[in-house]
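Visitor: Quick one: the structure is below, and I'll ask about it shortly.
The values are calculated or read from the model by the stated rules, or taken from the named source; none is laboratory data. Treat the numbers as computed from the prediction; the structure is a model and nothing was measured. Don't worry about glycine lacking a Cβ; one is built from the backbone with ideal geometry, like all the others, and counts go over all protein chains shown.
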Amino acid sequence: MIRPRLVAGNWKMHTVPESASKLAAEIIQHKSEFGPVEVALFPPFTSLAAVREIVGKSKIRLGGQNMHFESEGAFTGEVSGTMLKASGCSMVILGHSERRLYFGETDQLINLKLEKALEGELIPIFCLGEKLPERQNGKTFEVLERQLAAGLGGLRFDEKQLVIAYEPVWAIGTGVNATPEQAAEAHRFLREKLSTLVGPPVAEKLRILYGGSVNAGVAGALFAEEEIDGALVGGASLKAAEFVEIVKKAK
């Protein structure tokens, strides 16, 4: 089944409003070349307003890199889904491996955030993936099944309300990619488990992206795999020409 492709650029803790505006402008000038591929940009919170001005009413989506599980409250330094919506966001990245690793986010916390995002009509890109020792010890599928079941437990959604990103932790920011075959195998496993959790009709249509040192050189081979519905791009999304090339290869 052909699912609409999505390429998302996670800018992480890079850019200030001026440089974010410049990067977004360099990307959006190629929008006519993107064809049916959906594109989403995830700048830092402080650059959301600047990027919103650039993407305007184009089809390019704007998203937040994280959010709290409450709409408001005494949570110094946090950003809510309500705030993201008011800033022009329609998507949010949740469960990213860096949030799990550096900030101690658990499957249970991510579940609360996913619930709040869905409630607030933000489309979450729900990230999951195994660490290197887990892959080496043959526990990849065990980890993926646990993260998927715990993250989505008790939630109701359809294929348009959620995106999943498989990001093997050992391939993030390392320059090492999962092979297209490894990525496709993990995607197939996730889709099978999704069939059990949410039913075959939703599982078949729900998009699963690959994330982990994606660049223009490997994008073509990854997208040639039927199970890979797009990419969550990190470092390469900070280079307009390379990000545009990745989007074009997703066509």
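Visitor: Just to verify a result, which residue in segment 44-64, among those that are in a loop (DSSP other than H, G, I, E, B) and out of contact with any Lys or Arg (no Cβ under 7 Å at 6 or more places or on another chain), is modelled with the lowest pLDDT?
Guide: So the residue we want is LYS57.
Visitor: Name the helices (runs of 4 or more DSSP H) wholly inside segment 77-164 in which the number of residues that are more than 19 Å from GLY234 (Cβ to Cβ) is 3 or more.
Guide: Ranges flagged: 81-86, 107-119, 132-136, 140-152.
Visitor: Here's another thing I want to ask about it. What number goes with the only condition from (1) buried (at least 19 other Cβ atoms within 10 Å of the Cβ); (2) in contact (Cβ under 8 Å) with a residue 40 or more places away in the chain that ARG100 does not pass?
Guide: (2) is the only condition that ARG100 fails.
Visitor: Of all residues in segment 1-50, count the ones that are hydrophobic (A, V, I, L, M, F, W, C) and free of Cβ contacts under 8 Å to residues at least 12 places away in the same chain.
Guide: Residues in segment 1-50 being hydrophobic (A, V, I, L, M, F, W, C) and free of Cβ contacts under 8 Å to residues at least 12 places away in the same chain: 1 in total.
Visitor: Something else now. Among the residues of segment 25-78, what is the count of those that are of a type in the set (Gly, Ala, Ser) and either on the phi > 0 side of the Ramachandran plot or touching a strand residue (DSSP E or B) at 6+ places or on another chain (Cβ under 6 Å) (or both)?
Guide: Selection size over segment 25-78: 7.
Visitor: Turning to a different aspect of this structure: Go through (1) within 20 Å of the chain's Cα centre (by Cα); (2) of a type outside the set (A, V, I, L, M, F, W, C); (3) at pLDDT 95 or above; (4) in a loop (DSSP other than H, G, I, E, B) for GLY73 and report which single condition fails.
Guide: Among (1) within 20 Å of the chain's Cα centre (by Cα); (2) of a type outside the set (A, V, I, L, M, F, W, C); (3) at pLDDT 95 or above; (4) in a loop (DSSP other than H, G, I, E, B), the lone unmet condition for GLY73 is (1).
Matching residues to (1) closer than 30 Å to GLU18 by Cα; (2) of a type in the set (S, T, N, Q); (3) in contact with a helix residue (DSSP H, G or I) (Cβ under 7 Å, 6 or more places away or on another chain):
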position	(1), (2), (3)
VAL55	yes, no, yes
GLY77	yes, no, no
GLY88	yes, no, yes
LYS116	no, no, yes
ASN137	no, yes, no
LEU148	no, no, yes
LEU152	no, no, yes
ARG156	no, no, no
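Visitor: For segment 12-27, which residues satisfy the criterion of being surrounded by fewer than 20 Cβ atoms within 10 Å (Cβ to Cβ) and either in contact with a Lys or Arg (Cβ under 8 Å, 6 or more places away or on another chain) or in a helix (DSSP H, G or I) (or both)?
Guide: PRO17, GLU18, SER19, SER21, LYS22, ALA25, GLU26
Visitor: Something else now. Right, VAL176: of a type in the set (Val, Ile, Thr), exposed (fewer than 14 other Cβ atoms within 10 Å of the Cβ) and either touching a helix residue (DSSP H, G or I) at 6+ places or on another chain (Cβ under 7 Å) or touching a residue at least 12 places away in the same chain (Cβ under 8 Å) (or both) or not?
Guide: yes
Visitor: Given the criteria crowded, with 18+ Cβ neighbours inside 10 Å and modelled with pLDDT of 95 or more, does ILE228 qualify?
Guide: Answer is yes for this residue.
Visitor: Pick out the one residue from GLU130, GLU121 that is under 24 Å from PRO4 (Cα atoms) and of a type outside the set (Gly, Ala, Ser).
Guide: On the way: GLU130 fails: under 24 Å from PRO4 (Cα atoms).
Going through GLU130, GLU121 in turn, just one is under 24 Å from PRO4 (Cα atoms) and of a type outside the set (Gly, Ala, Ser): GLU121.
Visitor: Can you pull out the residues in segment 208-224 that are surrounded by 18 or more Cβ atoms within 10 Å (Cβ to Cβ) and over 19 Å from ALA149 (Cβ atoms)?
Guide: Correct list: LEU209, TYR210, GLY211, GLY212, SER213, VAL214, ASN215, ALA216, VAL218, ALA219, LEU222, PHE223.
Visitor: If you don't mind, there's one more thing I want to ask. In the set LYS139, LYS249, which member is closer than 17 Å to ARG3 by Cα and basic (Lys, Arg)?
Guide: LYS249
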